[in-house]
Structures are given as C-alpha cells and as structure tokens.
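Working notes, structure below.
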Amino acid sequence: MDDKQIEDRLRALESAQAAGAATLAGAQTTQAAAQAGSSATMAAMQAGNMATMVAGGAGFVVGIFIGLAIRSGR
C-alpha cells in the first residue's frame with residue numbers, strides 16, 4: 001500500500017468520524033428539545049389543574065353563601 005492510498009483512507013476515516021460526531025450532536029440536541037417540550041407541557045398542565053381547582057373552590061364557596069342568603073331570605 002503506497003502513501004497515496006493511506007492518505008485517501010485516512011481522509012475517508014476522518015470524514016466518517018466527522019459525520020458520526022455531527023449525527024450524535026444532532027441526536028443530543030433533539031433529545032434536549034424533546035425534554036424541554038415535555039417539561040413545558042407538564043408545567044402548563046399543572047398550572048391548568050391548579051386554576052381549575054381554585055375556580056371550583058371559589059365557585060363552591062360562593063354557592064354556599066348564595067344558598068345561605070336564599071335560605072335566610074325565606
């Protein structure tokens with residue numbers, strides 16, 4: 001094997017390693033974005049659940065006072 005063939009094979013190996021590194025970096029970026037999206041979704045879901053619980057509790061308390069007012073008005 002002469003020097004030219006060795007250089008060609010070395011360049012091909014370097015290109016393959018660079019492509020592998022770029023693929024790995026892309027996969028890691030995709031995974032990080034997916035995790036960030038999942039975290040944002042969970043936070044929004046928790047905020048929605050809490051808002052629903054607070055609104056339901058407030059409606060319950062208001063309903064009690066309206067019921068008491070109607071009852072005492074009779």
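Please treat every number below as a calculation from the coordinates, not as lab data. None of these values were measured; they are calculated from a predicted model.
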Over all pairs of different Cα atoms in the chain, the reciprocal of the mean inverse distance gives a Kirkwood radius in Å of 18.4 Å
Stretched fully, the stretch from residue 19 through residue 7 gains (0.36 nm per residue minus C-alpha distance, one decimal, in nm) 2.5 nm
Rounded to the nearest 500, the 222 nm mean residue ellipticity computed for the chain from DSSP H runs (n ≥ 4, each -39500 (n - 2.57)) alone is -36500 deg cm²/dmol
To the nearest 10 degrees, the tilt of helix 3-73 (Cα long axis) against the first principal axis of the alpha carbons of the chain is 0 degrees
